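Q: Next up is a structure, given as structure tokens.
No lab work stands behind these numbers, since they all come straight from the coordinates. The structure displayed is predicted, hence computed values, not measured ones. Cβ: placed from backbone, ideal geometry, glycine included. Neighbour counts: every protein chain shown.
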Amino acid sequence: MKIFKLPDLGEGLPDAVIREWHVQEGERVAADQSLVTVETAKALVEVPSPWGGVVEKLFAAPGETLQTGQPLVGFAATEGEPAQPAAHAAGHGKARDSGTVVGTIDQGNESLALESRPLHNRPRNATPSVRALARSLGVDLVSLHPSGARFTEAEVRAAAGRPPRSQPEPAAEPTEAAAGDPARRAMALAMSRARDQVCPMTLCDEADVTAWDSQESATLRLLRAIAAAASAEPNLNAHYIDDSLAPQAPVNVGLAVDAPRGLFVPVLRDIDALDDQALLEQIALFKQLASDGAIPQAELQGATIHLSNFGSLGGRFATPIVVPPLVCIVGAGRSHEAVLPFEGKARVRRLLPLSVSADHRAVTGGELARFLGALIEHLSRPQQD
């Protein structure tokens with residue numbers, strides 16, 4: 001048997017959780033065909049086959065965790081391949097290993113249980129996030145045909161009799177997170193890096209948002225204000241790597257999304273290039289995918305600045321955590337009314353608390369203060385047409 005081991009998926013975590021097999025034992029697969037979807041560091045990743053051949057054994061069931069380097073898939077050996085000791089197949093040898101071995105695998109009770117489990121068909125013409133949406137809506141993609149190369153979210157929603165969604169649906173009921181869940185371990189790893197690598201400073205103030213229309217989206221206004229503030233102080237929309245500050249363009253906002261299984265931070269890319277409706281639809285989709293635990297890996301990468309709208313849950317001020325290599329995170333608290341002097345008289349005004357943290361290794365206090373001032377100035381304007 002030729003063994004394909006779980007490769008290093010580049011997420012900084014030593015393992016991955018099997019979420020969905022795309023092949024079954026006895027099936028012939030082609031090189032680069034998707035074998036399995038795994039979850040690591042809060043993302044879903046499809047693992048392709050390194051070669052073509054017949055699948056002889058699957059080494060884990062959905063929901064099980066494999067360490068990087070452990071056997072993932074066994075392929076039937078082709079004629080002429082030399083045998084290797086079983087110890088190498090189990091990953092115990094100390095010799096340099098290319099990730100594949102040939103030999104006999106010890107088949108204990110656990111392996112036999114894996115061989116006998118039933119598998120189901122799975123459409124290969126849909127991304128992991130679209131398949132997750134289809135499962136949540138009860139849509140069987142196997143019986144349908146996409147209009148293009150792959151199913152789209154709109155097609156899945158149409159098949160379920162749901163109109164295209166522009167506003168977030170109610171979040172799923174919270175469930176207890178399993179110990180060692182990849183999302184929570186990834187959060188712990190990111191916070192450990194921030195603790196060890198960042199010198200944080202936080203400034204707090206409030207923006208007068210009395211002029212806002214009652215139907216306005218606070219998140220949308222915050223995104224537009226961040227883009228404007230980043231234009232005024234480009235060093236806050238930046239990466240800090242190897243003691244070097246590199247301002248970034250365009251503005252890609254990592255939006256913190258609270259979900260039953262932990263914190264997810266999908267990225268809204270080039271927010272200046274998206275109109276309000278497109279941004280709202282993308283935010284709604286990310287919230288749904290986070291609730292399903294099905295955000296693709298690519299959607300969690302490439303942020304240049306972070307936003308946490310924690311006020312939607314509670315609290316006015318905070319000390320948001322800067323995650324390297326980013327240098328800034330904007331936090332928005334719960335808005336409230338206060339009596340303030342306005343045009344020479346005491347007036348009731350609506351205020352939005354802001355807490356902005358930055359890495360003091362990379363930016364000065366003056367730059368952070370000017371960034372915060374630009375945020376407040378933009379947020380205090382009436383709704384823009």
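Q: How do 3-9, 334-340 rank on mean C-beta neighbours within 10 Å, highest first?
A: 3-9, 334-340
Q: Same structure again: Using only Cα atoms, figure out Rg for segment 183-379 and give it as a multiple of 2.2 N^0.38 Å.
A: So the Cα radius of gyration is 1.01 times the expected 2.2 N^0.38 Å.
Q: Still on this model: What full-extension length gain, to one decimal in nm, is calculated for ALA188 and ASP205 as 0.36 nm per residue of separation minus the Cα-Cα distance?
A: Working it through step by step, the gained length comes to 3.3 nm.
Q: On to the next question. Quick one: if the Förster radius is 56 Å, what FRET efficiency do GLU216 and LEU144 give, using the C-beta to C-beta distance and rounding to 0.05?
A: For GLU216 and LEU144, the calculated efficiency is 0.90.
Q: Let me ask something else. How far apart, in nm, are the 7 Å Cα→Cβ label points at ALA346 and GLN383?
A: Going by the 7 Å Cα→Cβ label model, 3.1 nm.
Q: So, in Å, what gap is there between the alpha-carbon centers of segment 235-282 and segment 328-350?
A: 27 Å
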